[in-house]
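These notes concern the structure reproduced below.
The values are calculated or read from the model by the stated rules, or taken from the named source; none is laboratory data. Keep in mind that what you see is a predicted model, and the values were worked out from it rather than measured. Cβ placement follows ideal geometry from the backbone for every residue including glycine, while neighbour counts extend to all protein chains displayed. Heads up: the accessible areas ignore ligands, DNA and RNA and are worked out on the full protein's heavy atoms, side chains in. Shrake-Rupley method; radii C 1.70, N 1.55, O 1.52, S 1.80 Å.
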Amino acid sequence: VQLQAYGGGLAQAGGSLRLSCVPSGRTSNDAATAWFRQAPGKEREFVAGIRWSGGNTYYADSARGRFTISKNSAKNTVYLQMNSLKAEDTAVYYCTLRWGSTVHKSAEWYNYWGHGTLVTVSS
């Protein structure tokens with residue numbers, strides 16, 4: 001399984017970006033996909049996750065109310081819509097996946113990781 005993550009870039013504070021994550025190599029009706037991020041000098045942290053079966057979503061406190069995670073089954077793509085961006089959202093964002101699973105906020109839970117995509121928010 002490979003995860004292709006893209007959509008990062010430069011945004012101004014208060015602006016928006018949308019990240020996309022596309023898994024390939026295997027298909028399933030159920031999985032957990034989560035976004036993590038790692039800022040310079042900081043530990044990797046959970047941002048948001050979604051369980052494919054049922055569509056339950058989970059958010060870190062820092063993301064709740066500003067970010068929305070969703071899945072387009074037809075396109076087999078998971079999105080992270082990020083609004084009201086802040087300078088502290090600057091980080092490398094990683095897409096992760098575990099088949100047939102619920103969402104966990106621990107990075108060790110996920111079997112598959114995509115290459116990170118850099119999000120830079122200027123203040």
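Quick look at the numbers
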{"quantity": "Spans of strands (runs of 3 or more DSSP E) in segment 46-112 with at least 2 residues over 27 Å from Ser122 (Cβ atoms) and not small (Gly, Ala, Ser)", "calculated": "57-59, 67-72, 91-99"}
{"quantity": "Segment 96-118 residues that are at positive phi, paired with ones that are part of a strand (DSSP E or B) and modelled with pLDDT under 95 (beta carbon under 9 Å, 6 or more apart)", "calculated": "Gly100/Ala31"}
{"quantity": "Scope segment 50-72; condition touching a residue at least 12 places away in the same chain (Cβ under 8 Å), open to solvent by 50 Å² or more (accessible area, probe 1.4 Å) and closer than 19 Å to Gly100 by Cα; matching residues", "calculated": "Arg51, Ser53, Asn56, Thr57, Tyr58, Lys71"}
{"quantity": "Selection status of Thr77, in contact (Cβ under 8 Å) with a residue 12 or more places away in the chain, buried (at least 18 other Cβ atoms within 10 Å of the Cβ) and under 13 Å from the mean Cα position of the chain (by Cα)", "calculated": "no"}
{"quantity": "Any hit, segment 21-38, residues being free of Cβ contacts under 8 Å to residues at least 60 places away in the same chain, in a strand (DSSP E or B), at negative phi and not aromatic (Phe, Trp, Tyr)", "calculated": "yes"}
{"quantity": "Which listed residue, of Ala31, Ala60, is among the hydrophobic types (A, V, I, L, M, F, W, C) and either more than 17 Å from Ser106 (Cβ to Cβ) or at pLDDT below 95 (or both)", "calculated": "Ala31"}
{"quantity": "Conditions (1) open to solvent by 30 Å² or more (accessible area, probe 1.4 Å); (2) outside any loop (DSSP other than H, G, I, E, B); (3) closer than 14 Å to Gly8 by Cα: number failed by His115", "calculated": "(2)"}
{"quantity": "Matching residues in segment 1-34 - criterion: being surrounded by 21 or more Cβ atoms within 10 Å (Cβ to Cβ) and under 13 Å from Thr77 (Cβ atoms)", "calculated": "Ala5, Leu19, Cys21, Pro23, Ala31, Thr33"}
